[in-house]
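Structure first, commentary second.
The values are calculated or read from the model by the stated rules, or taken from the named source; none is laboratory data. These numbers come from a predicted model, not from an experiment. With ideal geometry, Cβ positions are generated from the backbone for all residues, glycine too; neighbour counts draw on all protein chains shown.
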Amino acid sequence: MAFYRKKYDIIVVGAGHAGCEAALSAARMGCSVLLLAIDLDKVAAMPCSPSIGGMAKGQLVKEIDALGGEMAKISDKTAIQYRTLNTKKGPAVHSSRTQNDKIRYHLAMKAVLERQPNLDLKQAMVEKLVIEGSGVSGVLDQTGFGFQSRTVIIATGTFLSGLIHIGMNKIKAGRAGEFASYELPAQLKKLGFQIGRMKTGTPPRLNRKSIDFSRFSIQEGDPEPKLFSSFSKEITLPQIPSYIGHTNQNSIRIVHDNLHRSPLFSGVIKGVAARYCPSFEDKVVRFPERNSHQIILEHEGIDTDEIYASGLGNSLPLEIQIEFVRSVEGLEEAEIMRPAYAIEYDYVNPVQLRPTLETKLISNLFMAGQINGTSGYEEAAAQGLWAGINAACRVQNREAFILDRSQAYMAVLIDDLVTRGTNEPYRMFTSRAEYRLMLREDNADLRLSEIGFHLGLVSPEMWKDVQERKEQINMEISRIKSTVIKPEQKANAYLENCGSKSIHTGVHLDQLLKRAGLDYESVRVLAESPEIITPRVARQVEIEIKYEGYIKKQLREIEKFRHLEKIKLPQEFDYDSVYGLSNELKEKLSKVRPASLGQASRIEGITPAAISVLMVSLKAFGK
Amino acid sequence: MSHSTITAIATPAGQGGIGIIRISGPEAFSIGSSVFYRAGNQGNNSRLLDNIKTNHFYYGYVRSQGENKIIDEVLVNFMKAPHTYTREDVVEIQGHSGIQTLKSILDIVIQKGAKLAQPGEFTKRAFLNGRIDLTQAEAVIDLINARSSLSLEIAVSQISGSLKRKISDIRTALLEILSQIEAEIDFPEDVEDSFNRKEMLSRVQHQVIKPIQKLIRNHNNSFLLKKGIKAIIVGAPNVGKSSIMNRLSKRDKSIVTPYPGTTRDLIEEHVDFFGAPMVLTDSAGLHSSDDPIEKLGIERAIKQIQMSDLVLFILAAGVKPTQNELGIFKLIKDKQIIIVHNKSDLVMDGKAFDMPKEFKNASNISVSALKGFGFNRLRTEIEKKINQKIKDFDDPIVPNLRHTKALEDARASVESVYEGLLNSLPRDLLAVDLGESIRHLSDITGENPTPDILDRIFSEFCIGK
């Protein structure tokens, strides 16, 4: 067996959104990294929707940015539309979303990878892990050529035993037109990993010139786009709208009449699909009362005529797809450039991972992204960053990088995965975060830059900038709290003008700012700061004061939560011998092997009494 | 070390006359001294906190917070860590005026920042802080498990689970409101934004706040809580009345709560019977007697029978009732009766004798106080009778003290939701209070405190339409 002469610290298998972030973060922390892609022309590909962000995903992207990751920057370089969602539902749930030119996205990420010191990007299809003792020491490609390393991160997306379905046709593929890996999942099974199967899919791509856009309504981006990354300076590409249309009863009838030709409904597909992302067959079956479903047409890029037809996802034979697509008003003449398809793939039940994303079975082996049962570029990228940092910490003998659920969405994502596992493709939602109010897009850099700086992923200048901003925010808050507004005519005229009650005695400015209908603008009018207050600082000041009561409440909750997080459970703790626990709970605890009592408390079925029992046992037998 | 301060009514079993509120934790001293007013020094407690003499009984009063009315005359003992049961700072307040007063004191202690102790929590802390030998771990675990399941069992069993159902209904109403808000937040492209503050206000008011208030009122006005169920054990001498009483009151030493009574003429035990407090009175043996002192005792017993809600009439199993026993039956026949055939271990068939017809019409249960047979059936039968009684007097659903505390916490959170709706608070903030109120109600029902809102959303909204 031939091995490459260079020995790496870290090999990353797969150069999708997880693999790219993993390789970049580890290389930037000073590790020598090899990133292997099956096809170098598919690095950081967007095989489904050409967009980044969205509900809760936007928060993940901002967090990746605050920790020195790449996704937000590439997104800004390639965005052709910006929108902020949920602006009317409260500051904690604002989420950014961009439409992106997918080819430019791929090229921009590839360029960053190529310029990155310590990082080798190579084309190879990995078919085997090299295992020594209970740890991994490298990989073999499909020709049997080997690469050696101290740690390996598997980020293979949908490529493990990938199987594409179009009607009753089955094609072994990781994505349309790309090889799938059947050797690697077989080896993982042999090593003792519990493997499950999931299903996802993608809608057809249509030729722009064949679409009658006059039958669609236009959805423009925000008039004042907000950049994703705090490192970005400007929008470089022209901004392009999307188009909203609807299917009709005829479309529904066509799919309904051909359900028997859908692999989804003829029992061919066994993988579990996500409930939040139904294919058109699903919609027809699950929502029979609806006569129409929304579709959105999105440009895949500036230099291409391909249009992503969101909402038309299906796994029907091509002849039915053509008939179905053309039933939609405005798509009567539409040419399908790429058919829709469904894909089944293997995933590794993530309860088999430690909170670092290292596998419990094989030391120095990490897993990140869709292989862990998640869905979405952003979820993948967050895990990639997390695994990359942790592999680097392992190599450099540094303390593991583990954020808790009160610090970041990515911590919620990983804690959910390793504690509760998942049996449907896991997507991030804001309702999964119990401390959502603290985990906002607008404060991601305030929350995480310091950690990124200490890891070596955020530059000293950036960290200094954040520190200065924090200081400005605190100073402005104390200034506002100590400013009293007198009941003078000018002030009252302003208040009445804003629809707010006039004042008759002196009132502290922070009390006025707390009123519904008043924002930081009222501070500028009533008692402007002598300092220059940037919009970013103003926004933080406004949120901190307006929602002070709720923020304090969450901070108290977080304090209680951290109490249990701090009580560590030894990894070799023998749950079977714990007196007074049901067998069911013993089994669950042995499987998950929680790192702390806090993590144990989030395992399904664990009661407060069981936690008390664990505390007592830990004291009596645990040490 | 624990970060929170806990409290509970902690009167040890078997002791009558006084009740003890125990406070344990870092703030025990400050909370204890803030509710206590020393006799002769009523205005100022700050000096007390600075110079507390530990292990010393202070005499004084607990006053109500608002009206500054004296609630009870008490003795307070401040005990410094680590020489206490929990090895934390502990304060014990001894009151002596009955359960209602003890509850009022507890309320004030909780208002001052203590949390109602979880089942078994004092003992758990004692163990974790090294007060109890490590070899006792299993005993401590047994105690935690027993008390936790008991407190759930009470919620489930009370009036055949109707309390649990009622609270589950309120919780479900909250879940529905929260799911709608979360669906609108997490699926802005799928779920129509139909948020209507007026409609929400009305739902919160009618489906949540009002039912919670009613339950809290039921607790506060409870016939049971004020009077308790009075049960009397009667029968001829030597049929085993005392042993039965002991069996009934001792089965769970942990739930025997002797409330301070007034009359000590008859032997009384106060038993918490699946959430319903019951006073068990062991009457003197009823038989005709010429002895004037015994006669007096019998007259008292007859009076007690008239005042009681439930009579346990004890017979010796398999033995034909005597004239005397037929006479006793006449005294009790208009009451709720359970005829208990004791010593059933001595006969093959406990009801083999020819019972009078009226006897047969009553509930008949065979037990052996000696061997402990039949007591589960007896308990069930007593519970049935209690429930019947409660139905006559009360709204059928009466939460106990722990449930009421959780309900009060839930009410506070829901009231914030209500105010937030009035003040146009954004939805991400409303969700915080909604989640909190659901957690409080889940404490009572044992349901998941952080339910899967997403499951609910997927089942109720057309996601990905």
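Would the stretch A:544-563 turn up any residue that is away from every other protein chain (no Cβ under 13 Å) and either within 30 Å of A:L495 (Cα to Cα) or surrounded by fewer than 14 Cβ atoms within 10 Å (Cβ to Cβ) (or both)? Yes: one or more hits.
Note on the stretch B:78-115: among residues that are out of contact with any strand residue (DSSP E or B) (no Cβ under 6 Å at 6 or more places or on another chain) and within 13 Å of another protein chain (Cβ to nearest Cβ), the one that is surrounded by the most Cβ atoms within 10 Å (Cβ to Cβ) is B:R87. Flag: A:D445 matches the condition of being surrounded by 12 or more Cβ atoms within 10 Å (Cβ to Cβ), in contact (Cβ under 8 Å) with a residue 40 or more places away in the chain and acidic (D, E). Assessment of the stretch B:16-36 against the conditions (exposed (fewer than 14 other Cβ atoms within 10 Å of the Cβ), modelled with pLDDT of 85 or more, assigned by TED's automatic domain parsing to the domain that holds B:G120 and basic (K, R)) yields no matching residue. Filtering the stretch A:28-45 to residues that are of a type in the set (G, A, S) and surrounded by 24 or more Cβ atoms within 10 Å (Cβ to Cβ) leaves A:A37, A:A44. Return yes when A:G192 is outside any strand (DSSP E or B) and at positive phi and no when it is not. It is true that A:G192 is outside any strand (DSSP E or B) and at positive phi.
Between A:Q81, A:Q123, the distinction of being modelled with pLDDT of 95 or more and more than 30 Å from A:Q239 (Cα to Cα) belongs to A:Q123 only. Checking each residue in the stretch B:415-444 for being among the hydroxyl-bearing types (S, T, Y), assigned to a helix (DSSP H, G or I) and within 12 Å of chain A (Cβ to nearest Cβ) picks out B:S416, B:S442. Of the numbered criteria (1) touching a residue at least 40 places away in the same chain (Cβ under 8 Å); (2) of a type outside the set (A, V, I, L, M); (3) at positive phi, the one A:P355 fails is (3). Taken over the stretch A:201-219, the criterion of being closer than 25 Å to A:P47 by Cα and either without any contact (Cβ under 8 Å) to a residue 40 or more places away in the chain or assigned to a strand (DSSP E or B) (or both) is satisfied by A:G201, A:T202, A:R205, A:L206, A:N207, A:I218, A:Q219. Would you check if B:S424 is in contact (Cβ under 8 Å) with a residue 24 or more places away in the chain, touching a helix residue (DSSP H, G or I) at 6+ places or on another chain (Cβ under 8 Å) and surrounded by fewer than 20 Cβ atoms within 10 Å (Cβ to Cβ)? Against the criterion (in contact (Cβ under 8 Å) with a residue 24 or more places away in the chain, touching a helix residue (DSSP H, G or I) at 6+ places or on another chain (Cβ under 8 Å) and surrounded by fewer than 20 Cβ atoms within 10 Å (Cβ to Cβ)), B:S424 qualifies. Just one residue in the set A:V616, A:V525, A:V537, A:V541 is in contact with a Lys or Arg (Cβ under 7 Å, 6 or more places away or on another chain) and under 30 Å from A:Y494 (Cα atoms); that residue is A:V537.
In the stretch B:455-464, the residue that is farthest from the other protein chains (Cβ to nearest Cβ) out of those that are assigned to a helix (DSSP H, G or I) and in contact (Cβ under 8 Å) with a residue 60 or more places away in the chain is B:E460.
Take B:S243 and decide whether it is part of a helix (DSSP H, G or I), out of contact with any Lys or Arg (no Cβ under 7 Å at 6 or more places or on another chain), at pLDDT 75 or above and not assigned by TED's automatic domain parsing to the domain that holds B:E176.
Working: part of a helix (DSSP H, G or I): yes; out of contact with any Lys or Arg (no Cβ under 7 Å at 6 or more places or on another chain): yes; at pLDDT 75 or above: yes; not assigned by TED's automatic domain parsing to the domain that holds B:E176: yes.
Judged against the criteria, B:S243 is a match.
Here the condition is being surrounded by fewer than 14 Cβ atoms within 10 Å (Cβ to Cβ) and at pLDDT below 90; of A:E531, A:E572, it holds for A:E572 alone. Scoring A:T607 on the criteria (1) modelled with pLDDT of 90 or more; (2) among the polar types (S, T, N, Q); (3) within 27 Å of B:Q118 (Cα to Cα) leaves a single failure, condition (1). Screening A:S449, A:S406, A:S478, A:S431 for residues that are outside any loop (DSSP other than H, G, I, E, B), within 14 Å of another protein chain (Cβ to nearest Cβ) and of a type in the set (G, A, S) leaves exactly one candidate, A:S431. Of the listed requirements (1) more than 14 Å from chain B (Cβ to nearest Cβ); (2) of a type in the set (S, T, Y); (3) closer than 23 Å to A:F429 by Cα, A:S232 misses just one: (3). Residues in the stretch B:42-52 that are closer than 19 Å to B:E73 by Cβ and modelled with pLDDT of 65 or more: B:L48 alone.
Here the strands (runs of 3 or more DSSP E) wholly within the stretch A:138-187 that include at least 3 residues being aliphatic (A, V, I, L, M) are A:146-154, A:163-166.
Answer yes if at least one residue in the stretch A:596-615 is away from chain B (no Cβ under 14 Å), assigned to a helix (DSSP H, G or I) and without any contact (Cβ under 8 Å) to a residue 40 or more places away in the chain, and no otherwise. Yes - at least one qualifying residue is present in the stretch A:596-615. Contact map, the stretch A:539-557: first residue in contact (Cβ under 8 Å) with a residue 60 or more places away in the chain, second residue assigned to a helix (DSSP H, G or I) and of a type in the set (G, A, S), Cβ cut-off under 9 Å, separation 6 or more or different chains; pairs are A:I543/A:A92; A:Y547/A:A92. Name the residues in the stretch A:265-288 that are part of a loop (DSSP other than H, G, I, E, B) and within 14 Å of another protein chain (Cβ to nearest Cβ), would you? Across the stretch A:265-288, the qualifying residues are A:A273, A:A274, A:R275, A:Y276, A:C277, A:P278, A:S279, A:F287, A:P288. Restricted to the stretch A:47-115, the set of helices (runs of 4 or more DSSP H) holding at least 2 residues that are among the hydroxyl-bearing types (S, T, Y) comprises A:71-78.
The set of residues from the stretch A:224-245 being more than 15 Å from A:S75 (Cβ to Cβ) and at pLDDT below 95 comprises just one member, A:E224.
Name the one entry in A:A27, A:A66, A:A92, A:A45 that is within 30 Å of A:R405 (Cβ to Cβ), modelled with pLDDT of 95 or more and within 17 Å of the chain's Cα centre (by Cα).
Details: A:A27 fails: within 17 Å of the chain's Cα centre (by Cα); A:A92 fails: modelled with pLDDT of 95 or more; A:A45 fails: within 30 Å of A:R405 (Cβ to Cβ).
Exactly one residue qualifies, and that residue is A:A66.
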